[in-house]
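Right, one structure below, let's go through it.
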Amino acid sequence: DLQEGYGVEQWPDGSRFAGNYLHGKKHGEGSFVWADGSEYKGEFRESVIHGSGEYKWPDGRCYTGKWANNAFHGFGLTTWLDGRAYRGFYQEDYKYGEGCFRWADSRQYSLIAKQIAVAQMPPQVVRCLVQCVS
C-alpha cells in the first residue's frame with residue numbers, strides 16, 4: 001500500500017513530516033522537522049524539496065525562496081538573527097548572479113556572484129566581492 005493524500009510520518013530520532021503524499025512519495029505542500037530542530041515548510045515533488053518554501057536553522061537563520069532538487073535555486077532571501085540579510089539569486093545552493101547583501105548596521109552591497117558557496121561566505125570574502133551601493 002502506498003501513501004496517498006495527507007499524512008503524518010515520524011521517525012525514532014524525532015524527525016517528522018506532515019503533508020501530502022502521491023504514490024507513496026512526499027508531493028505538494030508539507031513540512032519536515034529534522035531531529036536537530038531544522039525545519040522546512042513548502043513544496044515537495046517526488047519526496048524532494050522543490051518549488052517554493054522556507055527553511056529555518058536551529059541558530060535562527062532563515063531562507064525563503066525557490067528550491068530545486070533539495071537546493072536553493074532561483075530567487076531567495078536569507079536572513080540572520082543579527083540583522084544581516086542576502087536577497088538575490090541562487091543556483092544549486094550557491095549565490096549566483098545578482099544579489100544584495102545588507103549588514104546589520106544597514107550598509108548594503110550589491111554583488112554579482114558566480115558559484116559562491118552559501119556555507120563558505122565569511123564577511124572578509126563578501127567585502128572582496130562587493131560593490132558599495134549606499
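Exactly one residue out of Gly7, Gly14 is in a loop (DSSP other than H, G, I, E, B) and either of a type in the set (Lys, Arg) or exposed (fewer than 14 other Cβ atoms within 10 Å of the Cβ) (or both): that is Gly14. For segment 89-108, a residue qualifies if it is outside any loop (DSSP other than H, G, I, E, B) and within 12 Å of the chain's Cα centre (by Cα), and the qualifying residues are Phe89, Tyr90, Gln91, Tyr94, Lys95. Restricting attention to segment 17-55, and to residues there that are farther than 17 Å from Ala68 by Cβ and in contact with a His (Cβ under 7 Å, 6 or more places away or on another chain), which single residue is surrounded by the most Cβ atoms within 10 Å (Cβ to Cβ)? Checking each candidate, the answer is Tyr21.
Look at segment 68-91: where a residue is in contact (Cβ under 8 Å) with a residue 40 or more places away in the chain and a partner is in a loop (DSSP other than H, G, I, E, B), sitting 6+ places away or on another chain with Cβ atoms under 7 Å, you get Phe72/Asp93; Thr78/Arg61.
Would you call Gly65 at positive phi and under 10 Å from the mean Cα position of the chain (by Cα)? Criteria met by Gly65. If you go through segment 50-70 and keep only what is out of contact with any Gly (no Cβ under 8 Å at 6 or more places or on another chain), under 18 Å from Lys25 (Cβ atoms) and part of a strand (DSSP E or B), you end up with just His50.
Checked against the criteria, Phe89 does not count as of a type in the set (Phe, Trp, Tyr) and modelled with pLDDT of 95 or more. Taking segment 57-86 as the range and being crowded, with 17+ Cβ neighbours inside 10 Å and charged (D, E, K, R) as the test, only Lys66 passes.
The values are calculated or read from the model by the stated rules, or taken from the named source; none is laboratory data. Keep in mind that this is a model prediction, so the values were computed, not measured. Cβ coordinates were reconstructed from backbone atoms using ideal geometry, including for glycine residues, and neighbour counts include every protein chain displayed.
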